[in-house]
Number of protein chains: 2
Amino acid sequence: MATRTPRIYDVARSARVSIATVSRVANGTARVYERTEARVRRAMERLGYRPHALARGLATRRSHTLGLLITDILDPYFAEIVRGAQERAESAGYVVLLGDASVHTSAEDLLVKRLLERRVDGLIVASSRTTDAYAAQLASEDIPVVCINGPLGQFAHAVQIDHRKGARLAVEHLASLGHTRIAHITGAVGVPTRQERLAGYRAALKDLGLSYDPSLVIAGVTSIADSHDAVAGLLGLAAAPTAIFAFNDRWAIGAYAAVRDAGLRIPADVSVVGFDDLEMDEWVQPALTSVRQPRREMGRIAADVLLAVLAGESASELVVVEPSLVIRGSTGTRRAHADRH
Amino acid sequence: MATRTPRIYDVARSARVSIATVSRVANGTARVYERTEARVRRAMERLGYRPHALARGLATRRSHTLGLLITDILDPYFAEIVRGAQERAESAGYVVLLGDASVHTSAEDLLVKRLLERRVDGLIVASSRTTDAYAAQLASEDIPVVCINGPLGQFAHAVQIDHRKGARLAVEHLASLGHTRIAHITGAVGVPTRQERLAGYRAALKDLGLSYDPSLVIAGVTSIADSHDAVAGLLGLAAAPTAIFAFNDRWAIGAYAAVRDAGLRIPADVSVVGFDDLEMDEWVQPALTSVRQPRREMGRIAADVLLAVLAGESASELVVVEPSLVIRGSTGTRRAHADRH
DNA sequence: TGGCCGCTTGAAAGCGCTTACAGGATAGGC
DNA sequence: GCCTATCCTGTAAGCGCTTTCAAGCGGCCA
């Protein structure tokens with residue numbers, strides 16, 4: 001006889017107490033005689049009682065659920081943020097509800113609607129598509145929001161890597177190897193971090209006394225294939241770059257293919273630096289030099305901030321994490337005999 | 001004055017109807033006068049009403065949530081299954097709750113407990129750690145379960161790729177290139193699909209008239225580094241293999257490194273075939289030949305089966321999907337001048 | 001032994017929604 | 001214009017849990 005899964009009422013009857021007492025034992029919200037508690041625990045054990053999270057959520061007005069908005073779970077960048085957030089959430093008894101923008105044909109706000117209907121207690125927005133206007137709308141909801149690498153603003157908490165510094169690390173590294181013509185493949189237009197990294201790139205060039213050449217900056221790249229094409233174009237230039245700083249590692253991989261197609265070699269002819277430091281960086285040939293972003297840590301911090309706010313504690317409005325440069329085989333000294341051509 | 005988010009009661013009052021009528025309009029569960037409906041809709045619009053999913057779930061005993069158990073979201077294999085399941089679930093108004101085994105320090109059954117507390121309506125188990133005993137325990141819960149590439153059994157629905165056939169495709173391809181000493185790096189012990197692929201490997205060898213050499217089969221590999229070490233060992237053998245069939249693409253990448261370390265080349269000295277067909281296969285050098293597994297499709301099918309069961313329709317107990325071989329640059333004809341050594 | 005105090009415990013009212021069930025409005029037939 | 005059949009709508013009882021409030025219990029001191 002498969003008896004239905006037991007309710008709190010069943011436990012109460014079995015332990016000969018009221019449901020209030022069972023609730024108290026289950027949550028430890030009030031003192032209970034040791035004897036009584038033992039009876040209740042035994043009953044819970046015996047029946048295999050599992051509290052009903054929905055009912056609990058309804059009664060407490062807390063779903064113990066965190067919403068996490070991302071652009072694409074297939075992108076390791078986001079996957080690791082998810083991991084970090086889940087780890088922190090889990091340790092606090094929270095669950096993470098994923099909103100993956102690329103799953104939905106419809107707009108992102110429908111996604112948010114889904115999450116809000118689920119009554120998430122707070123929201124982490126890691127999606128790179130987030131616009132200011134959209135984020136502001138989010139903030140008008142009455143739950144705490146924290147953005148990861150999103151637009152800075154007063155409306156929400158933020159966790160950011162220091163993008164300018166990251167870009168600077170890349171450019172300085174390339175310059176130290178003798179490169180003077182350093183191209184930059186930027187992020188897609190509208191990605192909030194794009195401007196920051198570009199600014200860091202320009203600032204570093206300036207500080208190093210290198211000239212800024214707009215023709216070496218490619219905008220509007222949205223895929224590996226895009227990046228491939230863009231780099232192919234750059235290599236065809238009369239004054240082609242000897243080094244490429246890509247907005248992220250995937251764009252860098254696109255650059256790899258273009259360099260190979262052009263019959264050139266990395267790093268002998270062209271050096272490449274990516275951004276993110278994905279697992280695959282170690283396995284591509286040559287291994288990719290990249291600006292490391294502690295993504296998992298960022299996810300964890302975001303969840304941490306959210307949980308703090310939910311607990312009524314004060315939480316920092318802005319957390320900036322430090323990038324670092326991981327030097328691998330894709331960068332080398334510029335060849336002595338000047339640029340090709 | 002940030003007024004609280006409106007309840008069904010607020011809508012009802014605003015539209016001068018009862019909450020029952022609002023509910024009927026919101027769900028379309030019963031006829032309502034056109035005039036009344038218009039009033040209600042306007043009120044919902046005006047107030048920005050968003051039904052409370054928890055309350056609804058409590059009343060209907062349906063959470064409209066699917067649980068999805070995976071081993072690691074950072075592994076693209078799982079990530080794509082998640083994507084597929086989410087796509088299908090989303091289109092049916094369901095939400096997917098992820099249970100990532102690698103997030104939890106504790107055992108997997110705690111993970112399941114979390115999901116069950118959340119009252120998921122059904123469960124997809126894609127985790128490769130799933131043992132028969134554990135799965136059986138799952139099945140004793142009163143919700144439908146479907147396993148992806150899990151152990152076959154009577155207790156749950158299953159979605160499987162034809163592993164034997166996949167292994168056969170790999171071996172036949174290598175044999176057709178002249179290879180006779182084909183090694184196999186198997187999956188971790190306990191991974192249910194391991195036996196199937198191994199069986200396919202052996203069957204293919206037999207059918208092709210090739211001898212089976214146990215020293216060419218490596219078991220117990222659980223990481224890329226493991227695979228690297230195992231392959232290093234193989235290459236040191238007096239009668240080293242000229243081709244390697246890896247349990248998955250990540251193991252194949254480990255093999256790449258070992259081959260390079262040994263001063264050998266792919267595919268000139270050693271051919272490599274992986275399993276899964278991940279995105280990175282196209283970007284590693286040389287591009288990896290691999291047995292394609294339609295992971296997203298499998299996730300979608302799993303969700304589909306689950307939804308069918310939940311809808312009270314009959315659903316197939318076992319869905320077998322077809323593998324295919326994607327031939328890239330990592331496999332080539334065996335060199336004429338016999339094996340090295 | 002009586003009175004008082006500090007505990008633990010139970011009764012009951014919600015949390016926001018769905019859904020029989022019954023009541024009232026509407027329309028149709030005469 | 002009256003009666004019945006049909007529909008729409010409202011009332012109220014839950015769904016499983018938390019939490020206030022008051023009652024009950026035992027122990028202590030006088």
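The values are calculated or read from the model by the stated rules, or taken from the named source; none is laboratory data. Treat the numbers as computed from the prediction; the structure is a model and nothing was measured. Reconstructed Cβ throughout: ideal geometry from the backbone, glycine too, with neighbour counts over all protein chains shown. Just the protein is used for accessible areas: all its heavy atoms, side chains included, with ligands, DNA and RNA removed. Shrake-Rupley method; radii C 1.70, N 1.55, O 1.52, S 1.80 Å.
Here are the numbers:
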item	result
Flag for B:Ala38 being out of contact with any helix residue (DSSP H, G or I) (no Cβ under 9 Å at 6 or more places or on another chain) and either at the interface with chain A (Cβ under 10 Å from one of its Cβ atoms) or over 30 Å from B:Pro294 (Cβ atoms) (or both)	yes
Residues (under 28 Å from A:Val273 (Cα atoms), open to solvent by less than 50 Å² (accessible area, probe 1.4 Å) and part of a helix (DSSP H, G or I)) located in segment A:290-333	A:Arg295, A:Met298, A:Gly299, A:Ile301, A:Ala302
Pick from segment A:65-93, criterion within 10 Å of another protein chain (Cβ to nearest Cβ) and assigned to a loop (DSSP other than H, G, I, E, B), ranking: least open to solvent (accessible area, probe 1.4 Å)	A:Ile73
Filter result (without any contact (Cβ under 8 Å) to a residue 24 or more places away in the chain and either more than 12 Å from A:Val103 (Cβ to Cβ) or among the hydrophobic types (A, V, I, L, M, F, W, C) (or both)) within segment B:79-102	B:Ala79
Residues being within 13 Å of DNA strand C (Cβ to nearest atom) and among the acidic types (Asp, Glu) - total across segment A:15-53	2
Residue within segment B:212-223 that is under 14 Å from B:Phe275 (Cα atoms), crowded, with 20+ Cβ neighbours inside 10 Å and in the same structural domain as B:Asp277 (by TED's automatic domain parsing) present	no
Single residue of segment B:49-59 satisfying the filter (at the interface with another protein chain (Cβ under 7 Å from one of its Cβ atoms) and either among the charged types (D, E, K, R) or touching a residue at least 24 places away in the same chain (Cβ under 8 Å) (or both)) that is surrounded by the most Cβ atoms within 10 Å (Cβ to Cβ)	B:Gly57
Restricting segment B:100-134 to residues that are buried (at least 22 other Cβ atoms within 10 Å of the Cβ) and either at pLDDT below 85 or among the polar types (S, T, N, Q) (or both), the residue that is farthest from B:Val82 (Cα to Cα)	B:Thr130
Lone qualifier among B:Arg4, B:Arg62, B:Arg46 - being more than 13 Å from DNA strand D (Cβ to nearest atom), surrounded by fewer than 17 Cβ atoms within 10 Å (Cβ to Cβ) and either in a loop (DSSP other than H, G, I, E, B) or small (Gly, Ala, Ser) (or both)	B:Arg4
Strands (runs of 3 or more DSSP E) lying entirely in segment A:143-238 (those with 2 or more residues that are modelled with pLDDT of 95 or more and more than 30 Å from A:Ser316 (Cα to Cα))	A:182-185
Any hit, segment A:105-115, residues being in contact with an Asp or Glu (Cβ under 6 Å, 6 or more places away or on another chain) and in the same structural domain as A:Leu310 (by TED's automatic domain parsing)	no
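Rundown of residues vs (1) surrounded by fewer than 17 Cβ atoms within 10 Å (Cβ to Cβ); (2) out of contact with any Pro (no Cβ under 9 Å at 6 or more places or on another chain), yes/no style:
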| site | (1), (2) |
| --- | --- |
| B:Val145 | no, yes |
| B:Gly150 | no, no |
| B:Ala158 | no, no |
| B:His163 | no, no |
| B:Val171 | no, yes |
| B:Ile185 | no, yes |
| B:Val189 | yes, yes |
| B:Pro192 | no, no |
| B:Leu205 | no, yes |
